[in-house]
Every structure is written in structure tokens, then in C-alpha cells.
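For reference, the structure is listed below as C-alpha cells.
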Amino acid sequence: MRNSTCLIALGLFVAVMSLWSAQRHYATLDEGHGAPVIVAADILYPPDIDAVTRKRIFFDTLRPIVRAENARIAKLRGRLLAASQAGKSGGWVEEAAARYGVDWTGREWDELLARVDTVPITLVLAQAAKESGWGQSRFARSGNNMFGQWCFREGCGLVPLRRAAGKAHEVATFGSVNRSVRAYLHNINTQPAYGDLRTERARLRAELEEPTGLALAGGLARYSERGLAYVREVRDMIRMNRRLMLAAAPTH
């Protein structure tokens, strides 16, 4: 049996090489916003890898992407907060409102700011790991879909092998893992199913508290047919893996 220290060192080496490979092959794309642009095939695990090293590779690979996409949202949110405090609303605000599904008349600041907000990194990483099988599911490997997101236009994605008769949904495909993360964040921030999550996030913001993954996971009951059981599973994953998820990141 291999020495566990050697396995950890090998795993970290693979993680570094995966990120370097992604940067080398996708350097011409601008979608990363400061993070390496990767596809799911870049998430590599050596044979006989231990569970902790496997998790570390996965979280270390996705963490910069989640940070970059959250930073992009935070930048827009900062501009919107400044505009709301100054009582100014230009065309760019209307464009942002339309992008986030808000019917803008100039008075919907609370609704817009409740939508244009970041998602705790622990929640994003927990769902990514759970929905993609640590990056190894068919939908991840073939479509860079890390969150099991559906689409409803024929040919928009991959047809589930066990899709029930009469159903027309497909599992969306993306050009990169980065685009999957961006789509997931937009989904959380705009879809009616996650209104409770956004309400709780806005409440915590108003009380000057930092929204956490554990707190916001309660708004995911409609993400899965398993409902509250799914919420419990996501929270358990955060509790078990929080240290590895955060690493040197700020606590969320």
C-alpha cells in the first residue's frame, strides 16, 4: 500500500498540473475573469487516490472559478448599491435588471439587489461535488455541467438515460466548467424556485451578517425531488468538508 504522504503529494501535483494545463490550453479565452478556464476533463485523479486528496483536488480546482464569478457579481452589486444610494438609474441599471429578471420601473432596488448577490463558496462547492459526482458524472465529463442544470429546447444538451416518458428536458452542456458555474449562480439568483434563498440572504445582509452556505442551503428544497432530504445532504457535505472547501478563502 502506498504511503499516504506520497499520495497527498501526488494529488497536489496533479491538481497543480491540471490548472497549469487549463491555463495553457485556454489562455486565449476571456471567460475566466482571472481564473483558469477549464473543462471537466482537466479534473484528474491518480489511481488509488485517498478520499481527502480527491476532495482537495476537486475543491482546489473549482475554488478559483467560483471566487472569480462571485467577484464579477460583487462588482456589479457594488455599482448598483452606489447608484441606489445616489438615487440614479441609467440605462445600464435597466440592462442589469432585465438580465436578472426584474421588471424595472426605477423603484425595484430591493428586488434587484436581492438578486444581484454572491453565493457562499461552500454552498457552490457542495452542490458541484454532489451533482457532478466530484466531476466524474456523464453530464460533467461530456457537457461540463457541474450542477445537473436542465434545459428545455431539443438538442440543447444531453438526454438523460432514465428520462421518464413524456418528459422533454435535457441536461445542459457548456463550453467550460466556468460557464457552468456562471449559469448556476444566475439560476440561483433568478429562478422563482430559489426565492426563499434570496430572501434569507437579503435578510442576513440587512442585519449586517454574512450569509453562509449552511444558512442558505435551506432555500434549496426545490433543487431536487428529495426536497428537505436534499437540503440535509448539502448541509452535511458542507459540515464535513468546510475546511477543505475554504482553504485560505474567507469564511462563508
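The values are calculated or read from the model by the stated rules, or taken from the named source; none is laboratory data. Values in this document were obtained by computation on a predicted structure and should not be read as measured data. Heads up, the Cβs are rebuilt from the backbone with ideal geometry, glycines too, and the neighbour counts pull from every protein chain shown. Side chains included, ligands, DNA and RNA excluded: accessible areas come from the protein's heavy atoms. Shrake-Rupley method; radii C 1.70, N 1.55, O 1.52, S 1.80 Å.
At a glance:
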| item | result |
| --- | --- |
| Where 104, 92 fall by accessible area, highest first, once all protein chains stay in place (1.4 Å) | 92, 104 |
| Kirkwood hydrodynamic radius (C-alpha pairs) into Stokes-Einstein, the stretch 65-137, 20 °C and 1.002 mPa s, D in µm²/s | 157 µm²/s |
| Protection proxy ranking, peptides 170-183, 67-80, average beta carbon neighbours within 10 Å, highest first | 170-183, 67-80 |
| Surface per residue (accessible, 1.4 Å probe) for the stretch 41-116, Å² | 50 Å² |
| Spin-label zone in the stretch 167-194 - amide nitrogen under 16 Å from a point set 7 Å from the Cα of residue 152 along the C-beta vector | 167-172, 187-188, 190-194 |
| Qualifying lysines (Cα of each under 23 Å from Cα of residue 130; at least 8 residues distant if same chain) | 55 |
